[in-house]
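Worksheet: one structure, shown below.
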Amino acid sequence: MTSSAGSGPVRPYVITGGRSVPALDNLALETLVIAASGSAPEPRMSPESAEILSLCRRQLSVAEVAAHLGQPITVVKVLLADLVDAGLIKVRPPVPIADLPDKGLLKEVLDGLRQL
Amino acid sequence: MDSANSDDHYVADTVSAAVKIVIAGPLGVGKTTLIGSLSEIVPLRTEESMTQAGSGVDEEVSGKATTTVAMDFGRITLNARRVLYLFGTPGQPRFFPMWRHLVHGALGALALVDTRRLEASFDVLGHLEDLGVPFAVAANNFPSSPNYPPEALRSALDLLPETPLMICDARDRYSSAQALITLVDHLYTTASEATR
């Protein structure tokens, strides 16, 4: 756990109020999230949501947010979905992959890997 | 809060979208080692809870039918607008139900095998085939690995002729990069042939 809220461990489904199905099912592990400009933690927010908001002052993937927070992916998706609904977090979905990925995209990936 | 406070742990502002590749293989085959040799961030671990099909919220709250699966992952910035995430996929068959969700939207998968215990990879390869995920196979070379000729490995693993097979050292950045390049090159060739 890396919670900065100062509270002890809380069962994950307490944090999300018993919900486990995100309002947004388009949050993939690799979806990028970033705090909307001017959004700041609010007093009524849960410590976890406030923590997500301050963590996302620059962009990170959903998986990274979960790892840094030390919370399960499912829980983080629920919290993120609420923040998105409230207009506090912006989402950049991953590149959609069809059955046959775009050759231009694959070329871009190859070029990037060849520079390693 | 941990290392994310440092600015270089963030994805560059210019990046507009991510892609992912799944690194699949049995426990102890070197998935996290390979991810670590390539990743620009220290590999991170996250947990996904897995429920059996059809289970509802109530079951989950009471803790029934829920398993927690740990996944390690890393990140490579490909260029100013794209990042690539590498997700290590737990290879035990009991975790297969979560694979469909994990491989959704992936470019493809790199299947790591340990030639000292090839049979440990059979389920993984079979499941990738079932899901229709394009993949390449990399045999991670351990000091005590037997020196099989590629054709013998291919036949033992029952690979299709077009499935790339290579030997790699997951500890070595260059070797790991070559394994991923072989996979993406294969995807590129397949895409080219299909649109010819």
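None of the figures in this text is laboratory data; all of them are computed from the coordinates on show. The structure presented is a predicted model; accordingly, all values stated were derived computationally and were not measured. Cβ coordinates were reconstructed from backbone atoms using ideal geometry, including for glycine residues, and neighbour counts include every protein chain displayed.
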Task: Local net charge near B:P164, Cβ-Cβ under 12 Å (Lys/Arg +1, Asp/Glu -1) - done: -1
- [ ] List, in order, the whole-Hz ³J(HN,Hα) value for each residue of the stretch B:124-139 obtained from phi through the Karplus relation with A = 6.51, B = -1.76, C = 1.60 and θ = phi - 60°; use x for Gly and Pro.
- [x] 5, 5, x, 6, 4, 5, 4, 7, x, 8, x, 8, 10, 10, 10, 8
TODO: Kindly write out, for the stretch B:140-149 in residue order, the coupling ³J(HN,Hα) from the Karplus curve 6.51 cos²θ - 1.76 cosθ + 1.60 (θ = phi - 60°), rounded to whole Hz, with x marking Gly and Pro.
DONE: 6, 7, 8, x, 9, 5, x, 9, 6, x
- [ ] Would you mind getting the Kirkwood hydrodynamic radius of chain B from its Cα pairs, rounded to one decimal in Å?
- [x] 17.9 Å
TODO: Evaluate the distance, in nm, between pseudo-label points positioned 7 Å from the Cα of A:A40 and of A:R58 along their respective Cα→Cβ axes.
DONE: 2.1 nm
- [ ] Go from 0 up to the bin containing the longest alpha carbon distance in the stretch B:69-139, width 10 Å each, and give me the % of pairs per bin.
- [x] 17, 51, 26, 5, 0
Task: Dipole magnitude (debye, nearest 20) for chain B, charges at Cβ of Lys, Arg, Asp, Glu - done: 220 debye
Task: For the stretch A:12-114: relative contact order, % (alpha-carbon pairs under 8 angstrom, 6 or more apart) - done: 36 percent
Task: Amide proton proximity set for B:L78, modelled H, under 5 Å, gap of 5+ - done: B:V83, B:L84
Open item on the list: Give me the extension gain from B:L27 to B:Y148: residue separation times 0.36 nm, minus the current Cα-Cα distance, reported in nm with one decimal.
Closed with: 41.4 nm
TODO: May I ask you to work out the translational diffusion coefficient for the stretch A:12-114 at 4 °C, viscosity 1.567 mPa s, via Stokes-Einstein with Rh from the Kirkwood sum over Cα pairs, reported in whole µm²/s?
DONE: 89 µm²/s
TODO: For chain B, calculate the relative contact order in percent as a whole number, restricting contacts to Cα pairs under 8 Å that are 6 or more residues apart.
DONE: 24 percent
- [ ] Grab the DSSP H runs of chain B that are 4 residues or longer, score each as -39,500 (n - 2.57), total them, divide by all residues and round the 222 nm result to the nearest 500 deg cm²/dmol.
- [x] -8500 deg cm²/dmol
TODO: Excluding residues fewer than 8 places away in the same chain, name every one of the lysines whose C-alpha is closer than 22 Å to that of A:K77.
DONE: A:K90, B:K20, B:K64
- [ ] Multiply the residue separation of B:E129 and B:H104 by 0.36 nm, subtract the distance between their alpha-carbon atoms, and state the gained length in nm to one decimal.
- [x] 7.6 nm
TODO: Calculate, for B:T14 and A:R114, the FRET efficiency according to 1/(1 + (r/R0)^6) with r their C-beta to C-beta distance and R0 22 Å; round to the nearest 0.05.
DONE: 0.65
